[in-house]
Amino acid sequence: KKDIPLANFIMHEIHCSRNIEVCRYCSELIPKSEIKNHIESEHVQVTCKCRKKIEKCLLKDHEASACPLRPAVCQYCDIQLAFNKLQDHEIYCGARTERCGGCSRNILVKDLKEHPRVCG
């Protein structure tokens, strides 16, 4: 899958067909001597902490962006919790009140960012 000089093409093609294999799962070019190890280390099924079965090579991306148990931070209190708990927590957390130093009114935490615009 790379450009090679025309004069070397036949020798290159022979070398590749003898020594290189295309992975049936990810289409990467792997030396034939390493294909078994590649499949066992990259494409074996593992179980995420959320109990989803996934290929090992896809686990990091799943844990970072799709896993319901991935870490997430509350926008109001900066506490870290599981992503699947974030929405319920933020509803509760945003409904708390804090006293405004300017007008002395109790303001919902979710409205604190906008409050200075309307504060007397």
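Read-outs throughout are calculated quantities, based only on the coordinates presented, and are distinct from any laboratory measurement. Only a predicted model underlies this, so the values are computations on that prediction, with no experimental measurement involved. All Cβ positions, even for glycine, are placed from backbone atoms using ideal geometry, and neighbour counts span all protein chains on display.
Here is how the numbers come out for the structure above:
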{"read-out": "Computed [θ] at 222 nm, helices only, for the chain once each DSSP H run of length n ≥ 4 contributes -39500 (n - 2.57)", "value": "-9500 deg cm²/dmol"}
{"read-out": "Out-of-range pairs (alpha-carbon distance over 24 Å; input LYS52/LYS85; LYS60/LYS85; LYS32/LYS53; LYS49/LYS113; LYS2/LYS56; LYS52/LYS110)", "value": "LYS32/LYS53; LYS49/LYS113; LYS2/LYS56; LYS52/LYS110"}
{"read-out": "Rounded to the nearest 20 debye, dipole of region 1-59 from Cβ charges on Lys, Arg, Asp, Glu", "value": "420 debye"}
{"read-out": "Relative contact order (%) - the chain, alpha-carbon pairs under 8 angstrom, separation at least six", "value": "10 percent"}
{"read-out": "Length-normalised contact order for region 74-117 - Cα pairs under 8 Å, 6+ apart - percent", "value": "30 percent"}
{"read-out": "Nearest-0.05 FRET efficiency for SER33 and ILE10, computed from C-beta distance (R0 30 Å)", "value": "0.85"}
{"read-out": "Estimated FRET transfer efficiency when R0 is 41 angstrom, pair HIS115-GLU55 (beta carbons, to 0.05)", "value": "0.30"}
{"read-out": "Shape metrics for the chain, restricted to C-alpha atoms - Rg then Dmax, Å", "value": "27.2, 83"}
{"read-out": "Normalised contact order of region 1-41, rounded percent, pairs of Cα under 8 Å and 6 or more residues apart", "value": "25 percent"}
{"read-out": "Euclidean distance of C-alpha centroids, region 68-120 and region 1-64, integer Å", "value": "46 Å"}
{"read-out": "Magnitude of the charge dipole, the chain, Cβ model with Lys/Arg +1 and Asp/Glu -1, debye to 20", "value": "360 debye"}
{"read-out": "Qualifying GluC sites (Glu not before Pro) in region 75-119, DSSP loop, other Cβ atoms within 10 Å at most 11", "value": "GLU114"}
{"read-out": "Under-5 Å amide H pairs with GLU21, H placed in peptide plane, nonlocal only", "value": "ILE30, LYS32"}
